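Pasting a structure below so you can have a look.
Quick note: the coordinates plus some simple rules give every number you see, no bench work behind them. Quantities reported herein were computed from a predicted structural model and do not represent experimental measurements. When we count neighbours, we look across all protein chains shown, and the Cβ atoms used for this are built from the backbone with ideal geometry, even at glycine.
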Amino acid sequence: MKKLIEVVREAGRNDVAIGHFNIADLVLLKGVFEAAHGLNVPVIVGASEGERQFAGTRLLAAAVRSLREEFDFPIFLNADHTHSLAGALEAVKAGFDSVVFDLSTLPLQENALLTKQAVEALKSVNPAVVVEGEIGDIGSGSEIHADGPDPTHSLTTPEEARQFVADTKVDVLAPAVGNWHGMRKSMVAGKERKHLAIERIREIKSATGVPLTLHGGSGTADEHLIRAIRAGINNSVWRGNADWKPVSRGARMRWCRTRYSRRPSPQYMMS
């Protein structure tokens, strides 16, 4: 089976992206897996620090590993938005395939220095682990807001991205390109959608040459997702933990399958 970084790079060469869905329990994991398996597309499931604390870091790693081995299927597990080296090391030692080491609230130089140290430490445990760094302000959490930020005021610049990747040696970069965590109430109602800085994505991709992740993908206009993929996004993160809690297992599975099936061609692998 291919390693995660190989799958992500292949997606980039094919101008597609890998869907990433956050999970908080085994029911969500099962729903995401069955949707992806039914469509025969690779998938990443993620668990934030809080989700790992709730569900169990080692339990989640064992469950994903079991699905991958039993079905010989490319499902991968990501330690999403990890803010400490201790938490990142715990996830890697448990068997997570990737870590989002997120110190984006710090000044850029401090973020780069600590992220570089994390990359070295995590790869000393597992050289194949994928380490993602994040720069720019895209917020945190997955709450529903009455109002939301104006993300155009804090876009990552191509030079910031280039320097950060060069200094840290991260495998994947998560920039701020008009995306942000959470959704406005108007987005939940279908009256509004997020819009991305497509040209900025293209510039950052050219400047860094590494796979790019789009965090806070929920609520983004479908046409912007497609254009973002073609501009250089290789992975998009969708959170299901906050707004799926009251939803049945069957409804969750139908949601995943519907999102995955909205693609203009058989190669469109992102929701």
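Between S206 and D137, what is the label-point separation in nm under the 7 Å Cα-to-beta-carbon projection?
For D137 paired with S206, the spin-label model returns 2.8 nm.
Quickly work out the E6-to-L113 label distance, labels modelled 7 Å from Cα along the C-beta direction, and quote it in nm with one decimal.
The answer from the label model is 3.8 nm.
Between rounded, prolate and oblate, where does region 27-68 land on the alpha carbon gyration tensor, with a ≥ b ≥ c its root eigenvalues, rounded for a/c under 1.5, else prolate if a/b exceeds b/c?
Details: a/c = 2.47, a/b = 1.94, b/c = 1.27.
Taking the square roots of the gyration eigenvalues as a ≥ b ≥ c, region 27-68 is prolate.
Please give the contour-minus-distance gain from N14 to S154: 0.36 nm per residue of separation, less the Cα-Cα distance, rounded to one decimal in nm. Let's see the in-between values first.
On the way: separation 140, 0.36 × 140 = 50.40 nm, distance 2.95 nm.
So the extension gain works out to 47.5 nm.
Additional query: Please give the length that would be gained between N126 and S66 if that part of the chain were fully extended, namely 0.36 nm times their separation in residues minus their C-alpha to C-alpha distance (nm, one decimal). Please list the in-between numbers first.
On the way: separation 60, 0.36 × 60 = 21.60 nm, distance 1.92 nm.
Value of the extension gain: 19.7 nm.
Here's another thing I want to ask about it. Please work out the FRET efficiency for the pair E199 and K169, using the Cβ-Cβ distance as r and a Förster radius of 30 Å; give the result to the nearest 0.05.
Working: r = 27 Å, r/R0 = 0.89.
The computed FRET efficiency comes out at 0.65.
So what are the radius of gyration and Dmax for the Cα set of region 53-121, in Å?
Cα radius of gyration and Dmax of region 53-121 are 13.7, 44 Å respectively.
For every other residue with a beta carbon closer than 10 angstrom to the beta carbon of G133, add +1 if it is Lys or Arg and -1 if Asp or Glu, then tell me the sum. Let's see the in-between values first.
Values: positive: K116, K169; negative: D102, E132, E134, D167, D171.
Net charge around G133: -3.
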